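Reviewing the structure listed below.
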Amino acid sequence: MKLNEIKSIGIVGAGTMGSGIAQMSAMAGYKTTIFDIQEAALDKAKTAVTKNLDKGIDKGKVNSVQKEACLANISFISDLEELKADVIIEAVVEKLQVKIDIFSQLEKINSDKTILATNTSSIPITQIGAGLQKPERLVGMHFFNPAHIMKLVEVISGAATNPEIAATTKSLAEKMGKKAVMAKDSPGFIVNRVARHFYVESLKIAEENVANFEQIDRLVESSGFKMGPFRLMDLIGVDTNFSVTKSMFESFYHDSKFRPSRIQQQKVDAGHHGRKSGKGFYDYN
Ligand SMILES: NC(=O)c1ccc[n+]([C@@H]2O[C@H](COP(=O)([O-])OP(=O)(O)OC[C@H]3O[C@@H](n4cnc5c(N)ncnc54)[C@H](O)[C@@H]3O)[C@@H](O)[C@H]2O)c1
């Protein structure tokens, strides 16, 4: 499929990433449909997109006509069977089997031409593709958080991905105003592989009582980083960040430098998932 043939975009998962991706898609003029298994997530996504657009208006980056057009372009649905589009971008939990199951269902109800893209942070595209009937139309389209602000998108080809589909996906990301780069299908791709140590090593420092979360954040921020590792994990989602570390630890054959942290495991067990749950390393209530 070529860029000019794309008229509609479907998003699976209305969480932290799905809502921002839906906003970018609708702003680029595509009829956008977003699906989630939780009604509450769809409501939250609607509020988040409206809030982001209002902030954009305050900053002079969006006008009220664009805001209304963007909102009119998005439909919120809770039945996967209705998700039919030219491109579908998946942004659900970072679990291989969940992603394979969703794409397998989508393959059955969509045309052969539909491009299937995954926003996975760490799972090799080849592994997801291996569970599909037509792995050649699966591509990685990795946005960064917040998706409506961060410019970079990594476009990843699995072993079977059709190069034309990867090229169209890159053009689509550019149409959404992003800077797209082609990345190899290696666990964590490029940015997450580098960034993993930012989180893992900071958690080790906290575990060893060398410094606490706030001290680490304050020091790292005063050295020029926009956000310290703990504030950033709260923004990303402590659960999502933990799943990504676990997935990379597995993919790199238990290389100790990717070892997940017990502190982070405990936060996940307690439901302290960061900003989205009101509490993570910091309290947002
Ligand atoms: N959070 C980040 O900073 C970030 C950045 C880049 C990529 N990602 C990737 O994006 C994906 C989503 O992450 P997130 O942070 O948005 O997660 P999230 O927890 O904020 O949202 C996930 C959403 O998926 C929904 N969901 C779960 N199972 C589903 C299913 N079977 N069908 C439909 N919806 C389902 C949940 O209800 C939830 O609303 C992950 O693969 C993650 O690795 C995350």
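The values are calculated or read from the model by the stated rules, or taken from the named source; none is laboratory data. A quick note: this is a predicted structure, and the numbers were derived from the prediction, not measured. Virtual Cβ from ideal backbone geometry, glycine too; neighbours counted across all protein chains shown. To get the accessible areas, we keep the full protein, side chains included, count just its heavy atoms, and leave off ligands, DNA and RNA. Shrake-Rupley method; radii C 1.70, N 1.55, O 1.52, S 1.80 Å.
Separation of the range 205-224 and the range 89-129, taken as the distance between their Cα centroids, equals 37 angstrom. Counting only protein heavy atoms and a probe of 1.4 Å, the accessible surface of the chain is 53% carbon and sulfur.
In the chain, what % of DSSP beta bridges are antiparallel (nearest 5)?
Percentage antiparallel, nearest 5: 20.
Please identify the longest segment of the chain free of exposed trypsin sites (Lys or Arg not before Pro), where exposed means a DSSP state other than H, G, I, E or B and no more than 15 other Cβ atoms within 10 Å. Show your work: numbers first, answer last.
On the way: sites that count: Lys2, Lys7, Lys59, Lys61, Lys84, Lys95, Lys113, Lys151, Lys184, Lys226.
That would be 227-285.
Per-residue 3J(HN,Hα) values for the range 214-229, derived from phi via the Karplus relation 6.51 cos²θ - 1.76 cosθ + 1.60 with θ = phi - 60°, read 5, 4, 4, 4, 4, 5, 5, 5, 6, 8, x, 6, 5, 9, x, x Hz in sequence order (x marks Gly and Pro).
The H on the amide N of Ala159, modeled in the peptide plane, is under 5 Å from the matching H of Thr126, each at least 5 residues off or on a different chain.
Of the GluC sites (Glu not before Pro) in the range 194-250, the ones in a loop by DSSP (not H, G, I, E or B) with at most 15 other beta carbons within 10 Å are Glu208. Taking a point 7 Å out from the Cα of Arg218 in the direction of its Cβ, the residues of the range 241-285 whose backbone N falls within less than 19 Å of it are 281-284.
Between Leu3 and Val191, the simple label model (points 7 Å from Cα in the Cβ direction) yields a spacing of 2.0 nm. Between Val181 and Ile205, the FRET efficiency from the beta-carbon distance, with R0 = 30 Å, is close to 0.45. For Ile11, the residues whose modelled amide H falls within less than 5 Å of its own, excluding neighbours fewer than 5 places apart on the same chain, are Thr33, Ile34, Phe35, Ile89. The amide H of Arg259, built 1.01 Å from its N in the peptide plane, has no neighbour under 5 Å, considering only residues 5 or more places off or on other chains. Solvent-accessible area per residue in the chain equals 48 Å², computed with a 1.4 angstrom probe and all protein chains kept.
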